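These notes are about the structure you will find just below.
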Amino acid sequence: MNRWWKSSSVFPPLPIVTRRVQESVWHPSQSIQVSEDGGCILTVKINHTLEMMPFIRAWGDQVEMLKQAELREQIAEEYRRAVEIYAQPA
């Protein structure tokens, strides 16, 4: 039995970001909804939350996960650790 998670990511109202999201196939199950403010919402069905980690990392602060609390927490924890590392002088 396949277990699917529905994951949604919201992108800010930046025309260049929305255009980039719209012109690419990020996942076979994707749907993209452009919002009134010019941002967009990308929704995909994934087998595991790990499928979205590289995608989220690549967009950094230009994307926010709307669904999947587990995935949001994983990303938040990863960014907290990164802040600790990079806040220290090299």
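The values are calculated or read from the model by the stated rules, or taken from the named source; none is laboratory data. The model shown is predicted, which means the values in this text are computed figures rather than measured ones. For neighbour counting, all protein chains shown are included, and Cβ atoms are generated from backbone atoms with ideal geometry for every residue, glycine included.
Going through (1) closer than 19 Å to Ser29 by Cα; (2) hydrophobic (A, V, I, L, M, F, W, C); (3) without any contact (Cβ under 8 Å) to a residue 40 or more places away in the chain one by one, Met52 falls short only on (3). Could you check the stretch 25-81 and list, in sequence order, the residues that are among the small types (Gly, Ala, Ser) and not in a helix (DSSP H, G or I)? Within the stretch 25-81, Ser29, Ser31, Ser35, Gly38, Gly39 qualify. When residues in the stretch 14-24 are screened for being at pLDDT 85 or above and not in a helix (DSSP H, G or I), 2 of them pass.
Restricted to the stretch 21-37, and to residues that are touching a strand residue (DSSP E or B) at 6+ places or on another chain (Cβ under 9 Å) and of a type outside the set (A, V, I, L, M, F, W, C), which residue is surrounded by the fewest Cβ atoms within 10 Å (Cβ to Cβ)? Write out each step before concluding.
First, pick out the residues of the stretch 21-37 that are touching a strand residue (DSSP E or B) at 6+ places or on another chain (Cβ under 9 Å): 21-22, 26-35.
Pick out the ones that are also of a type outside the set (A, V, I, L, M, F, W, C) and you get 22, 27-31, 33, 35.
Values: Gln22: 12, His27: 16, Pro28: 7, Ser29: 12, Gln30: 13, Ser31: 11, Gln33: 11, Ser35: 13.
Checked the stretch 21-37; the qualifying residue surrounded by the fewest Cβ atoms within 10 Å (Cβ to Cβ) is Pro28.
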